[in-house]
Amino acid sequence: MLTALKVIPQLLCWAVLVPVMCRSLTGMSTAVAAAAGFVAGVAGENLLLAYVGGELPFRPLRGICGVIFLLLWGASVWALYRSGSTSPESGQPTPSPLASGAAALGTGVLAGALTLCRLAPLEGGAVRLVPYLTLACAGAAVALGAAYAARFLPQRLVPRGIPLVALVVSALMLMACSVQRLDLFSPLSMEVMKFVHDFVHQFFESMLIPDHPFFRADVWGYIGLLFGDKVGLWGGLALWYLPVLLIALSLRLERLPSVAHIRQGAARRKLLASFIHERRLRLAAPLLALVFLTGAAYQSRFPATEYWDPKPVEVSANPAGQIAIPKKGEIDLEDGKLHKFSYRQGSREARFFVMLTPAGQLVTTLDACAICQPEGYGQAGNAVICYYCRTLIPLETVGKPGGCNPVPVPCSVKGDAVVIDGMTLVNTWESTVQVTAHGKGMGK
Amino acid sequence: MAAIIETSGLTRSYGDICALKPLDLCVPEGEWLTVMGHSGSGKSTLLNLLGGLDRPSGGSIHVRGTDLATLSEDGLARFRRDCVGIIFQQHHLIPYLTALENVMMSQYFHSVPDEAEARHALERVGLGHRLKNRPGELSGGEQQRVCIARAIINSPRLLLGDEPTGNLDHKSTTMVMELLRELRDEERFSIVMVTHNQEVAAWGDRTIHMDDGCLVREERTKSC
């Protein structure tokens, strides 16, 4: 039952997409192609999960989602460029049945694969047979049922051309962002933040920003805003929404047809009013796309996944400065879960976790990475997630340095205990946090 | 000539009071019909029914082939917007809008406002110099001419007047009537006008007399 609830947003998106595509493209054949595509997508992705495993089944999907989002950007710029030279009466050419079928099939495959990923077990492997078959049947049934519902969709609300693309892409983004490993919004926000930081840093390095005490208070006050933790979010949201907003703007700027040939003023105005009304109605698709994108951003920011995130247990060092944590004490360090600890040395404090990797090695790492602010990690199945940038780190790579991986701390296993040098731990924490926490109140 | 208005057994009752008894009426396209009668004789009730402002209790009422009795509220609103222009005795101009804006308001509810066209309509009724004046700054005759401009701006096929000259002096009345005749001759719309005034009724092509909700007499009038 809970499994079924997980895919409700995806199936709802699918139930919206199919009737719109049916009315915009070529009717029932579109629905059949979409249903077939959905089933194929579900089956194909489950085969990949079963026989390939790991991150590989997710990468192509994530790549395709990235590409279609970029295509949406291109289409939005093109729509804006064309907005001055098109008018509502020129209309959109109706695509050929072959093109419509191919588009519906492609959308179905992608939607099916994305929906199945929502059910993919966190520990890896294929989706079990019953949910897998149920999902395939539900997707096909929704597509065929929605084709019937499409008859009741007012023709004037049916999007064509680029607004239709915006609606389809935004719905697929919502489907993707519900799956942690396919989420695009968090990496986008992260990239924006990195870009802003690098950009300002480069300015500073080039001495374009004067490093004079007189300027420091004022100029750095403003520059400090660029280092805030919300820069990535707002920049990401701007990039996320902008293509659809550009499409809405292009519709709004569409040139009205000439009515100069109509002699009677009232008839002329009536015709103009009907064009303006239709143009306004066509904004419904971008508005719905904005709703989908908002849902996607929300899913990305507040994922429904519950992480294993134990409260750090305070540990102390022996007179030699060594921290010894028993492997099988109150906490079983070898149960495959991450176990958090905190260590205080005078006024200095460090947070770290210990876990057993799939390779059977006990590793100790900081509860922080070398890039992000130290908001820590949680565990979701066979990966840990950085709470700050939402990057998933496979358990196989925990204990290795680089990127957003938790910073490793040297440790040794002596008898039944894991032993860490307290001084090394605190020094590693401080050197890491000094770099990543810009300003007061950062981190936990 | 085709009929713009055709009623058959048209009635309107308010509770026990029968304001309009079964009425059969036919108004050809382009005709100017005046309706006369005492207060309470059913003139305004008839006009409200013809303008889609009220619904009949019985019978049928066809305007340009559309049965108003069967229209929904939205349909009636569309009918009033597209087919009818109404001139009231009390003008019903919006006091805080200028003459031009009052006319443009009518365009706005019909389709889209067009200032040049509204200005032209006011110039046609001789108010080109009063565009920016509010109703309070206009005389009664001028206000009624703004009403005429507002009523004709959307090119209706039927113009309804409920005592349009009821509170105007003789000179203004003549001016308004001349204007209506001139516009009717140019635009070829039909007029149904309610009046108490025999002189005003004489401007129409035909006059019907009503009493106690019944059509009691009908006469052809001679043009002034």
Legend entry - Degrees, to the nearest 10: A:213-226 long Cα axis against longest axis of chain A: 60 degrees
Legend entry - Using alpha-carbon coordinates, inclination of helix A:162-177 to the longest axis of chain A, degrees: 30 degrees
Inset, instruction - Distance check, please: which entries in B:LYS43/B:LYS132; A:LYS340/A:LYS400; A:LYS327/A:LYS400 exceed 25 angstrom between their Cα atoms? - result: B:LYS43/B:LYS132
Legend entry - Phi-based couplings in Hz for segment A:106-120 (Karplus 6.51, -1.76, 1.60; Gly and Pro marked x): x, 5, x, 4, 5, 4, x, 5, 5, 5, 5, 4, 5, 9, 4
Legend entry - 3J(HN,Hα) from dihedral phi, segment A:253-270, Karplus parametrisation 6.51/-1.76/1.60, rounded to Hz, x for glycine, proline: 8, 3, 6, 7, x, 6, 10, 4, 6, 8, 6, 6, x, 5, 5, 5, 5, 4
Legend entry - Per-residue ³J(HN,Hα) for segment A:10-15, Karplus 6.51 cos²θ - 1.76 cosθ + 1.60, θ = phi - 60°, Hz, x for Gly and Pro: 5, 5, 5, 4, 5, 5
Inset, instruction - Round to a whole angstrom and tell me the spacing of the C-alpha centers of segment A:103-178 and segment B:67-105. - result: 48 Å
Legend entry - Shielding by partners, peptide A:265-274 (average Cβ within 10 angstrom, other chains): 6
Legend entry - Antiparallel %, DSSP beta bridges [both residues in segment B:3-220], to 5: 50 percent
Legend entry - In degrees, nearest ten, helix A:422-436 long axis to first principal axis of chain A (Cα): 30 degrees
Legend entry - Rounded Å value of the spacing that divides the Cα centres of segment B:108-136 and segment A:323-371: 81 Å
Inset, instruction - Would you mind classifying the protein assembly as shown by shape? Square roots of the alpha carbon gyration tensor eigenvalues, ordered a ≥ b ≥ c; an a/c under 1.5 is rounded, otherwise it is prolate if a/b is larger than b/c and oblate if not. - result: prolate
Inset, instruction - Just report the Cα centroid separation between segment B:1-46 and segment A:376-416, whole Å. - result: 88 Å
Inset, instruction - Using DSSP, restrict attention to beta bridges with both residues in chain A and report what percent are antiparallel, rounded to the nearest 5. - result: 90 percent
Inset, instruction - Return A:TYR388, A:TYR298, A:TYR377, A:TYR343 ranked ascending by Cβ neighbour count within 10 Å, so the fewest neighbours appear first. - result: A:TYR298, A:TYR343, A:TYR388, A:TYR377
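Laboratory data are not the source of any read-out in this text; all were calculated from the coordinates shown. Computed from a predicted structure; not experimentally measured. Neighbour counts are summed over all protein chains in view; Cβ atoms, including those assigned to glycine, are modelled from backbone coordinates with ideal geometry.
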